[in-house]
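*Asks:* Dropping a structure here in structure tokens format, bear with me for questions.
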Amino acid sequence: MEAYTGFSYVYDRFMQDMPYEEWAVYIKGKLEENGIYSQNSTVAELGCGTGAFTNELARMGYNMIGIDNSEDMLAVASSADGQDYNSEEGNNRIIYTLQNMTEFELPYEADAVVSVCDSMNYLSQDGALDECLRASYQALRSRGVILFDMKKEEFYREELADNTFADSMEDCAYIWNNYYDADSMINEYELSVFIEKDGSYNRCNEYHVQRAYATGQVEAALKKAGFVNVQILEHSIDGENLERIYYMAVKP
């Protein structure tokens with residue numbers, strides 16, 4: 001079973017409450033603190049999925065490169081309306097590319113590499129985080145910024161844990177069986193997605209693996225890759241941040 005196959009086509013419907021706009025405002029502010037303004041700046045997004053967050057930054061004026069290793073997610077992103085934007089800053093286009101986060105390459109240097117919605121937690125294999133950060137370092141111009149979030153270990157341990165979650169709409173539904181191992185810090189979940197078609201439901205099974213990282217691990221990995229000015233940030237939405245921690249660093 002692969003991740004993000006059938007679920008890709010209903011992903012945005014079940015994720016419609018995700019605060020993409022709030023994340024974009026926060027990240028734009030952090031980038032501007034480092035002199036990266038939307039006009040004429042290029043941002044690469046790792047784990048862009050269906051492009052919901054990519055679109056938010058594009059609307060703000062950034063030239064976007066969306067990177068994902070799921071053909072189905074990118075198919076949804078590429079077919080969505082609004083790939084081209086006439087923002088106040090000028091014409092902007094989103095480029096989507098099928099690549100792995102651990103070994104991606106860009107056609108030109110980016111001003112920033114960003115990732116949201118715990119995409120970086122999918123770097124579950126030993127050494128994968130190091131590889132991703134090295135690739136990000138190579139992709140950035142000098143004084144470029146990397147900024148990403150990760151789910152907190154306590155969220156996996158206390159909220160997801162060994163639980164079952166489910167949700168349904170008129171023509172689709174999913175069942176999520178979650179398992180978390182605190183010793184290995186590996187979170188696994190089996191996802192069954194049901195999509196109505198011609199009066200019957202098609203079932204698609206997916207298997208996902210994520211890894212929790214201690215803040216010290218991530219900070220050390222960023223420095224090992226060559227980044228400086230490493231910051232560990234908290235960002236609250238509606239006064240709460242129960243899920244994620246944010247990391248920001250600079251390529252010298």
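*Asks:* For segment 101-127, give me the residue count where each residue is assigned to a helix (DSSP H, G or I) and either open to solvent by 10 Å² or more (accessible area, probe 1.4 Å) or among the acidic types (Asp, Glu) (or both). Even if it seems obvious, please write down each step before you answer.
*Replies:* As a first pass, look at segment 101-127 and keep what is assigned to a helix (DSSP H, G or I): 119-122.
Keeping just the survivors that are either open to solvent by 10 Å² or more (accessible area, probe 1.4 Å) or among the acidic types (Asp, Glu) (or both) gives 119, 122.
Count: 2.
*Asks:* Another question about this same structure. When residues of segment 95-145 are filtered for being charged (D, E, K, R) and under 18 Å from Ile186 (Cα atoms), how many remain? Steps first, answer last, please.
*Replies:* Keep residues of segment 95-145 that are charged (D, E, K, R), which gives 103, 105, 109, 111, 118, 126, 130-131, 134, 141, 143.
In the following step, the residues that additionally are under 18 Å from Ile186 (Cα atoms) were identified as 118, 126, 130.
Total satisfying the criteria: 3.
*Asks:* Still on this structure: For segment 90-100, indicate whether the set of residues that are more than 14 Å from the chain's Cα centre (by Cα), at pLDDT below 85 and surrounded by 12 or more Cβ atoms within 10 Å (Cβ to Cβ) is non-empty.
*Replies:* Yes, segment 90-100 has at least one match.
*Asks:* Return the residue satisfying two criteria in turn: it lies in segment 32-71 and is touching a helix residue (DSSP H, G or I) at 6+ places or on another chain (Cβ under 9 Å), assigned to a helix (DSSP H, G or I) and open to solvent by less than 10 Å² (accessible area, probe 1.4 Å), and of such residues it is nearest to Leu106 (Cα to Cα).
*Replies:* Selected residue: Thr54.
*Asks:* Test Asn121 against the stated conditions and say whether it is closer than 16 Å to Glu219 by Cα and of a type in the set (S, T, N, Q).
*Replies:* yes
*Asks:* For segment 175-198, does any single residue satisfy the condition of being closer than 30 Å to Ala135 by Cβ and among the β-branched types (Val, Ile, Thr)?
*Replies:* yes
*Asks:* Also, quick follow-up: Anything in segment 23-40 that is touching an Asp or Glu at 6+ places or on another chain (Cβ under 7 Å) and within 18 Å of Glu234 (Cα to Cα)? List them, or say none.
*Replies:* Initially, segment 23-40 is screened for residues touching an Asp or Glu at 6+ places or on another chain (Cβ under 7 Å), giving 24, 36, 38-39.
Scanning segment 23-40 gives a single hit, Ala24.
*Asks:* Looking at the structure I just gave you, is Met150 at pLDDT 95 or above, under 30 Å from Val43 (Cβ atoms), among the hydrophobic types (A, V, I, L, M, F, W, C) and over 17 Å from the mean Cα position of the chain (by Cα)?
*Replies:* Answer is no for this residue.
*Asks:* Hey, another quick one. What are the residue pairs meeting all of these: first residue in segment 191-206, first residue in contact (Cβ under 8 Å) with a residue 60 or more places away in the chain, second residue basic (Lys, Arg) and in a strand (DSSP E or B), Cβ atoms under 8 Å, and 6 or more apart or on different chains?
*Replies:* Final answer for the pair search is Val193/Arg203.
The values are calculated or read from the model by the stated rules, or taken from the named source; none is laboratory data. Bear in mind the structure is a predicted one, so any value in this text is a computation, not a measurement. All Cβ positions, glycine included, derive from the backbone under ideal geometry; neighbour counts span all protein chains shown. Accessible surface areas use protein heavy atoms only, side chains included; no ligands, DNA or RNA. Shrake-Rupley method; radii C 1.70, N 1.55, O 1.52, S 1.80 Å.
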